[in-house]
1. Every residue in the range 45-72 that is part of a helix (DSSP H, G or I), hydroxyl-bearing (Ser, Thr, Tyr) and farther than 24 Å from Asn31 by Cα, please.
2. Under 7 Å between Cβ atoms, which residue pairs at least 6 apart in sequence (or on different chains) link something in the range 66-87 that is free of Cβ contacts under 8 Å to residues at least 12 places away in the same chain with a partner that is part of a helix (DSSP H, G or I) and surrounded by 10 or more Cβ atoms within 10 Å (Cβ to Cβ)?
3. Being buried (at least 18 other Cβ atoms within 10 Å of the Cβ) and modelled with pLDDT under 90 is the requirement here; does Ala52 meet it?
4. Could you count how many residues in the range 73-94 are at pLDDT 85 or above and assigned to a loop (DSSP other than H, G, I, E, B)?
5. Condition first: of a type outside the set (Ser, Thr, Tyr) and at pLDDT 85 or above. Can you find one or more residues in the range 95-102 that meet it?
6. Answer yes or no: is there a residue in the range 113-131 that is closer than 30 Å to Ala53 by Cα, at pLDDT 75 or above and of a type outside the set (A, V, I, L, M).
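The values are calculated or read from the model by the stated rules, or taken from the named source; none is laboratory data. Everything numeric in this text was worked out from a predicted model, so none of it was measured. Quick reminder, even Gly has a Cβ in these numbers, built from the backbone with ideal geometry, and neighbours come from all protein chains shown.
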Amino acid sequence: MKHQTIPRKELNVTITFLDADNTSARRHHANIPSVDVTAIRQRTGLSQSDFAASIGVPEGTLVNWEQGRRQPSGAAKVLLALLAKKPNLVVQLYRSPQPRQRWAPGRPDPSTMTADGRLAEIGEIFATGILRMQNLVTK
């Protein structure tokens, strides 16, 4: 089978120049001052990993910013400038959910129980479960 060459069509490019009076063509640049990332993080009272997670960047990126190897840019720089003025902004906007209770209401907290108390609690749970199973079988 012989390979056939398909002729290529020329690429047509259209360039449009916008008038200087056209406001949609203007770009608006905000002059955001450089920020001291370490000082901002310390004002929030968060560790590096917690602060990085709260602003949505990898911890390594935050470390690079703090050590001066890199500079934040774009949206990160804007967010850091806001946090410089109001350190608890992220905490106010994104409150962490309350921890779920892992034990039954009305029961003691397992982290405060003694080993004997835990064994007694487990025995009570098993006994309740067995009684429920027996009731289901006899019905």
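1. Looking only at the range 45-72, we keep the residues that are part of a helix (DSSP H, G or I), and these are 48-55, 59-66.
From what is left, the residues that are hydroxyl-bearing (Ser, Thr, Tyr) are 49, 54, 61.
Answer for the range 45-72, where residues must be part of a helix (DSSP H, G or I), hydroxyl-bearing (Ser, Thr, Tyr) and farther than 24 Å from Asn31 by Cα: Ser49, Ser54.
2. Sorted first by the residue in the range 66-87, then by its partner, the pairs are Arg70/Asn64; Leu82/Leu89.
3. So Ala52 fits the description; yes.
4. Taking the range 73-94 first, the residues at pLDDT 85 or above are 75-86.
Adding the requirement that they be assigned to a loop (DSSP other than H, G, I, E, B) leaves 86.
Residues flagged as at pLDDT 85 or above and assigned to a loop (DSSP other than H, G, I, E, B) within the range 73-94 amount to 1.
5. no
6. No, the conditions are met nowhere in the range 113-131.
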